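*Asks:* A single structure is presented below for examination.
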Amino acid sequence: MSSPLCDLKTEDFGNPKIPCSFHDDYDVIAACETCDDRLVCIQCMNSTCFGHTLCNLEEVAERRKQTICCLLRDAEVLAIPKLEVHLNQVRRKRELLSTHCDDVSQNIRTRASELKKSIDTICEKRLVECAEFQKRKDDMLKMYEDSITREHAELLDSISKVKTIVSSCKLRELLQNEGAISVLSNTETNTAVPVVAALWFTPEEVNVVEMTRLFGAMQRSVTISEFEHISREVRTICLVGEQAWIGCDGNKELCLTNKEGDSVKSVKICTYFMNQIMDICPGADDSVWVACRDGIITQVMSHDVKIDRFFIGVHATAYSLYVFKDGDIVVGLVEGVFRMRGKLVRYSPKGEVLDRAVRDNDGNLLFSIPTKVRGCDESREIAVVSLDSKGDNSVVILDADMKFKLNFKGKAPFHPSDVCFDSGQNILISDRASMSVMLLDSHGHLCRNLLVATVAPSAISIQGNGDLWTGFENGMIRVYKYAP
């Protein structure tokens, strides 16, 4: 293949006029072979290239022409075809990318359309369910309203009649109107208003785990504060006014903290190595009752004085306790050496055994390990978290006479960590398995999840103003505004 440089000719009358790159006033007259064919002038020959081997410009031009021809041949024969192959590859990949993205985009549109239809179908179904739920509950509440209205009217009528009878001072009317007078002797309403929390609408057949994975956790409870108490599991929370005594796993001392997480003070309870705090509960006069592993029930007074109240037994371990307002103390314990048995014992403040609960109505043992015991001062009911080594965990509810009422086992897997009552006698349960706090009505029916966390809750307690304190396995404590 011919090249333009092959036809290159020098001027016939001598060397071409090429200015020297080092000496502007002189032209190039030769080339220095020693300096890689550098073009030189007369001044270069007498200075930097003095004594070097020189050659004429025609020889250098011929050599450069051959070199350039070789480079052109390599570019045309090797580089151009290679670049054309790469160019074709890039163009094919662009076409494949465009086709792939068009297919993916179409697939996304199709799936989005199907998902939208599915969501619309679910929404319509839930809206119908919600409307039916509202109608059903409204009819029920209307029935209660009518019943209470009748009782209210009858009571007002009886009051009016009795006032007339009393004002008349007539013996006959006082003796013959026992019906109107008897109403005043029983002013309590016979209509029990249903627990409001049980009226919440919760759609059925909802996969909570899948919903949480797709849309995240949806919480009703609003977080008021959050802080890390200690880098160990929060075992129990004992609320005293606006502050809380915190007990952690393996702790030998109690720490009093406020809602912002500031430490107020600490009290050492256990003095020897093997002993530790199992549970704490508020008592009268801002005191705190403490159950320790060694079986001693201790009361810590408001001025931090510790008093050992009573001892539950040599071969017994107190896992939990609750102190009622009247002073009775309910202790969940496990006794025995080879044959371990869980039971619930009610003590007087002096340690006298008042009552005990061991078996249900069918003679079966109520508890394996009663790890948490909490009571309701209004109804005198008791809730007990019972953990079993075989995974048969449950929350057992006892009535005011410590008789079996119901057993809540949740949905497997179920691993309750704590339980408490709110002011409406509803039951709150913290569950490690679902990492949530559940709300049950007074009949043990699950209403809904109050909150779903990313760490398992290990302790809960409700303040008098409605704040829900929740402790977690990683030592974090969050305070929520409780909304039943």
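The values are calculated or read from the model by the stated rules, or taken from the named source; none is laboratory data. All values derive from a computational prediction rather than experimental measurement. Here Cβ is always computed from backbone atoms with ideal geometry, including for glycine, and neighbour counts include all displayed protein chains.
*Asks:* Looking at this structure, is Ile297 surrounded by fewer than 18 Cβ atoms within 10 Å (Cβ to Cβ), in a strand (DSSP E or B) and out of contact with any Gly (no Cβ under 6 Å at 6 or more places or on another chain)?
*Replies:* When the stated conditions are applied, Ile297 does not pass them.
*Asks:* Can you tell me which of (1) more than 17 Å from Gly342 (Cβ to Cβ); (2) in contact (Cβ under 8 Å) with a residue 40 or more places away in the chain; (3) not in a strand (DSSP E or B) is the one Met402 doesn't meet?
*Replies:* Of everything listed in (1) more than 17 Å from Gly342 (Cβ to Cβ); (2) in contact (Cβ under 8 Å) with a residue 40 or more places away in the chain; (3) not in a strand (DSSP E or B), Met402 misses just condition (1).
*Asks:* Checking the condition exposed (fewer than 13 other Cβ atoms within 10 Å of the Cβ), within 22 Å of Pro457 (Cβ to Cβ) and in contact (Cβ under 8 Å) with a residue 12 or more places away in the chain, which residue from Gly375, Gly424, Gly391, Gly410 passes?
*Replies:* Exactly one residue qualifies, and that residue is Gly391.
*Asks:* Tell me yes or no: at least one residue of region 415-424 is at pLDDT 90 or above, within 18 Å of the chain's Cα centre (by Cα), aliphatic (A, V, I, L, M) and under 24 Å from Val334 (Cβ atoms).
*Replies:* Among the residues of region 415-424, at least one is at pLDDT 90 or above, within 18 Å of the chain's Cα centre (by Cα), aliphatic (A, V, I, L, M) and under 24 Å from Val334 (Cβ atoms), which makes the answer yes.
*Asks:* Among the candidates Thr212, Thr191, Thr223, Thr236, single out the residue that is at pLDDT below 85 and part of a strand (DSSP E or B).
*Replies:* Matching residue, one of Thr212, Thr191, Thr223, Thr236: Thr223.
*Asks:* Within region 354-372, identify whether any single residue is among the hydrophobic types (A, V, I, L, M, F, W, C), within 30 Å of the chain's Cα centre (by Cα) and assigned to a strand (DSSP E or B), and answer yes or no.
*Replies:* Yes; the residues of region 354-372 include at least one that is among the hydrophobic types (A, V, I, L, M, F, W, C), within 30 Å of the chain's Cα centre (by Cα) and assigned to a strand (DSSP E or B).
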